[in-house]
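Below is one structure, written out as structure tokens, with a few remarks after it.
The values are calculated or read from the model by the stated rules, or taken from the named source; none is laboratory data. Nothing here was measured: the structure is a model prediction, and the numbers come from that model. For neighbour counting, all protein chains shown are included, and Cβ atoms are generated from backbone atoms with ideal geometry for every residue, glycine included.
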Amino acid sequence: MKLANVEIINNNRIGDRLYKLEFFSPYICKMASPGQFINIRCCGPGQIDPLLRRPFSIYDTDKKFNVATILYLVKGRGTANLSRLERGNMIDVCGPLGNPVQPTADKILLIAGGIGIAPIHFLAKHCIHSHKTVYLLAGFKDQNYMLVEKDIMRLSIDYSIYCEQNMWANRGVVTQGLHNLSRFQGYHIYCCGPVDMLKALQKKLAGAKNQVTALLEERMACGIGVCQGCVQKIKNGRDSYSYQKVCSQGPAFNLMEVLFE
Ligand SMILES: Cc1cc2nc3c(=O)[nH]c(=O)nc-3n(C[C@H](O)[C@H](O)[C@H](O)COP(=O)(O)OP(=O)(O)OC[C@H]3O[C@@H](n4cnc5c(N)ncnc54)[C@H](O)[C@@H]3O)c2cc1C
Ligand code: FES
């Protein structure tokens, strides 16, 4: 993990409040693995607000040109500041943080909801590189993520997209892609998305034999295991649980052991 001031190569709006930010960083490109994230200082030059860095998953790395990419949705002050930055501006990045996920199964089912596509896209590239069989299920509320489908297509894997509000893709929510679960027998499932999606997956996959790993995106403060600001209740054993830090002990957890409030 390293702190560095890096140059923005592009910061393009690709949908409503949806941006793709590329920055030059040989270090992140070399060191980042799927599941990891970076913490970005999102205040304007010379300002201190917001004080806390904001976490973002790594969406892609291009090792040839040393360009790393994040995909982000503008939610509040930090991401609004980020969206105003331009090519040539510098940003303060800390990372990579969190523990890498290292899939061992030969067959991988990736499930993404909304902006959860960011870490799933990076994981997909890694799995393809390791010659795994990969299927991607993605669910989006509306057509805001249509341009992301271009990146998914470039992966050259089998995929289905579910969209709640229009005819761009299969109509419905992403869990509908699991209607024939036996098709994914033997697949290790990795998922990332809103808590409601993760809860729905817990229900849908209860009793299934698949291993299911969720990448959690709990709100964070320090990002390095110091402040306890990101703790998540995790089941251990039949009747007990512990609080684990998503930043330093995650962000990957067995979905079936996550106890959502
Ligand atoms: C490990 C990790 C990886 C992430 N990866 C991405 C990514 O690739 N792309 C992306 O767009 N976002 C990602 N996020 C979420 C992102 O960090 C937040 O959207 C961002 O911090 C919001 O900052 P802000 O100052 O704009 O908004 P704030 O003013 O801090 O918050 C605005 C609103 O956003 C909501 N919010 C903020 N953080 C979260 C969160 N973690 N989970 C759910 N709701 C939240 C809250 O409801 C809050 O009211 C990730 C979060 C984590 C922990
Ligand atoms: S964000 Fe501080 S311990 Fe995780």
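Just to be sure before I move on: is ALA200 assigned by TED's automatic domain parsing to the domain that holds GLY114, among the hydrophobic types (A, V, I, L, M, F, W, C) and either buried (at least 22 other Cβ atoms within 10 Å of the Cβ) or part of a helix (DSSP H, G or I) (or both) in the structure I sent? Yes: the conditions hold for ALA200. What about ASP16, is it within 17 Å of the chain's Cα centre (by Cα), outside the structural domain of CYS222 (by TED's automatic domain parsing), more than 16 Å from ligand 2 (Cβ to nearest atom) and in contact (Cβ under 8 Å) with a residue 60 or more places away in the chain? It is false that ASP16 is within 17 Å of the chain's Cα centre (by Cα), outside the structural domain of CYS222 (by TED's automatic domain parsing), more than 16 Å from ligand 2 (Cβ to nearest atom) and in contact (Cβ under 8 Å) with a residue 60 or more places away in the chain.
Scanning the range 221-231 for residues that are of a type in the set (A, V, I, L, M), within 6 Å of ligand 2 (Cβ to nearest atom) and farther than 21 Å from GLU261 by Cα yields a single hit, VAL226.
Inspect all residues belonging to the range 59-80 and state whether any of them is buried (at least 16 other Cβ atoms within 10 Å of the Cβ), assigned to a helix (DSSP H, G or I) and not assigned by TED's automatic domain parsing to the domain that holds ASN254. Yes, there is a match, as at least one residue in the range 59-80 is buried (at least 16 other Cβ atoms within 10 Å of the Cβ), assigned to a helix (DSSP H, G or I) and not assigned by TED's automatic domain parsing to the domain that holds ASN254. The residues in the range 216-247 that are within 16 Å of the chain's Cα centre (by Cα) and either farther than 25 Å from ARG53 by Cα or in a helix (DSSP H, G or I) (or both) can be counted, and the count is 2. Scanning the range 156-197 for residues that are surrounded by 13 or more Cβ atoms within 10 Å (Cβ to Cβ), assigned to a loop (DSSP other than H, G, I, E, B) and not charged (D, E, K, R) yields ILE157, TRP168, ALA169, GLY172, VAL173, TYR187, GLY193, PRO194. At least 3 residues being buried (at least 24 other Cβ atoms within 10 Å of the Cβ) and touching a residue at least 24 places away in the same chain (Cβ under 8 Å) is the threshold, and among the strands (runs of 3 or more DSSP E) wholly inside the range 89-149 those reaching it are 107-113, 133-140.
For the range 232-242, state whether one or more residues are modelled with pLDDT of 95 or more, within 16 Å of ligand 2 (Cβ to nearest atom), more than 28 Å from THR61 (Cβ to Cβ) and not hydroxyl-bearing (Ser, Thr, Tyr). Looking for residues that are modelled with pLDDT of 95 or more, within 16 Å of ligand 2 (Cβ to nearest atom), more than 28 Å from THR61 (Cβ to Cβ) and not hydroxyl-bearing (Ser, Thr, Tyr), one finds at least one in the range 232-242, hence yes.
Restricting attention to the range 244-261, report how many residues are more than 16 Å from ligand 1 (Cβ to nearest atom) and not polar (S, T, N, Q).
Qualifying residue count, the range 244-261: 3.
Annotation: of all residues in the range 50-101 being among the small types (Gly, Ala, Ser) and over 20 Å from ALA221 (Cα atoms), the one that is farthest from ligand 2 (Cβ to nearest atom) is GLY88.
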